[in-house]
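Structure, as C-alpha cells:
The values are calculated or read from the model by the stated rules, or taken from the named source; none is laboratory data. As the structure is a computational prediction, the values presented were derived from the model and not from experiment. Cβ coordinates were reconstructed from backbone atoms using ideal geometry, including for glycine residues, and neighbour counts include every protein chain displayed. The protein model used for the area step is the full one, side chains on, heavy atoms only, and it has no ligands, DNA or RNA in it. Shrake-Rupley method; radii C 1.70, N 1.55, O 1.52, S 1.80 Å.
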Amino acid sequence: IVGETAVPRVFAGLTPVPGPDVDAPVAEPAQKAVEVIRDSAVRLTGSASACETIVTGSGVAIEPDLIVTNAHVVAGVEDLVVRVRPQQSAQRATVVYFDPDVDIALVRTQKLQARPVSLARTSLESQDPAVVAGFPRGERFEAASVRVRTRANARGESIYGETGVERDVYVLRGSVEQGMSGGALTDEFGEVFGMVFASGFEDQATAYALTVDEVRAAIDAAGNAETRVANGSCELR
C-alpha cells in the first residue's frame with residue numbers, strides 16, 4: 001500500500017504553513033455527498049514488482065471509461081485494475097497520461113459502469129465545508145468531511161523528489177488516510193473541486209488537494225489519449 005512517504009513534498013525546503021485557523025469540519029456534508037459521489041469513485045489496485053509491493057489508491061471518473069488519479073498511485077504499477085463497487089467485476093486499465101511533476105495521471109478502461117462527475121467552474125473559499133471521497137487503506141468506500149483553510153500556489157517537489165514544481169492546491173482542515181490519494185474533493189452535491197494528493201507530515205489534521213484547474217489542465221494536455229504511456233518508476237521520493 002502506498003504509505004505517507006510515497007507522496008510528493010508539497011512545500012519543499014520550507015516549514016508548511018497550514019493556512020488560517022478555521023472551524024472544525026461537520027459531518028453533514030459527507031453524509032449528503034455519499035450517494036451522489038459513490039458511483040463515480042473508483043478504487044485502483046496493481047502490483048509494483050520492482051518495489052515488491054501491491055499498490056492501492058482512489059480515483060474519480062470524468063468520463064464513463066476515463067479516470068483521473070494521482071501519478072504516485074500508478075507509478076511503476078503493472079496489471080492495473082479498477083473497480084467501482086465490490087459486486088462489480090474489476091476491469092483492466094491503462095495509463096494514458098502521466099505527469100510526475102504535478103502528480104496527475106489519467107487511466108482508461110472499458111465497461112467500468114462509472115458515473116462521470118461534474119467538474120466545478122467556481123472555487124472553494126476559506127471556511128467552506130467540503131468532502132473527500134475514496135478508499136482509505138484500500139478498503140471500503142468512505143466520504144469524510146473537511147474544511148478549506150486556504151488556496152495556495154505551492155512550490156514543492158515531484159513524486160521523484162525533483163524540485164521547482166509549482167501546484168495550485170487547497171489546504172484543508174481534516175485528515176486523509178493511506179489509499180485516499182486520487183480521491184475527489186467535492187461539495188455535498190457531488191460537484192468536484194479538486195483531487196486529494198497529500199497529507200500533512202507535521203500536522204495530521206491538514207491535508208492537500210490539487211484544484212480542479214490542475215485537473216482540467218491535465219485533461220486538456222491529454223486530449224483524447226487512448227494509447228498506453230510510460231508510467232515511471234515505483235521508487236518514489
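Key figures for this structure:
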{"quantity": "Whichever residue in the range 114-167 is in a loop (DSSP other than H, G, I, E, B) and hydroxyl-bearing (Ser, Thr, Tyr) and, among such residues, is surrounded by the fewest Cβ atoms within 10 Å (Cβ to Cβ)", "calculated": "122"}
{"quantity": "Hey, residue 197 under 15 Å from the mean Cα position of the chain (by Cα), open to solvent by less than 50 Å² (accessible area, probe 1.4 Å), closer than 19 Å to residue 123 by Cβ and modelled with pLDDT under 95 or not", "calculated": "yes"}
{"quantity": "Matching option when the condition is among the charged types (D, E, K, R), farther than 20 Å from residue 32 by Cβ and over 18 Å from the mean Cα position of the chain (by Cα), among 162, 166, 157, 139", "calculated": "162"}
{"quantity": "All positions within the range 33-72 that are assigned to a strand (DSSP E or B), within 22 Å of residue 131 (Cβ to Cβ) and in contact (Cβ under 8 Å) with a residue 60 or more places away in the chain", "calculated": "41, 42, 43, 44, 56, 57, 58, 59, 60, 62, 68, 69"}
{"quantity": "Neighbours by Cβ (under 6 Å, 6+ apart or cross-chain): first from the range 219-237, closer than 16 Å to residue 101 by Cβ; second open to solvent by 50 Å² or more (accessible area, probe 1.4 Å)", "calculated": "237/160"}
{"quantity": "Residues satisfying the stated conditions in the range 165-184, i.e. in contact (Cβ under 8 Å) with a residue 60 or more places away in the chain and of a type outside the set (Ser, Thr, Tyr)", "calculated": "165, 167, 169, 171, 173, 174, 178, 179, 180, 182, 183, 184"}
{"quantity": "Residue check, residue 217 small (Gly, Ala, Ser) and modelled with pLDDT of 95 or more", "calculated": "yes"}
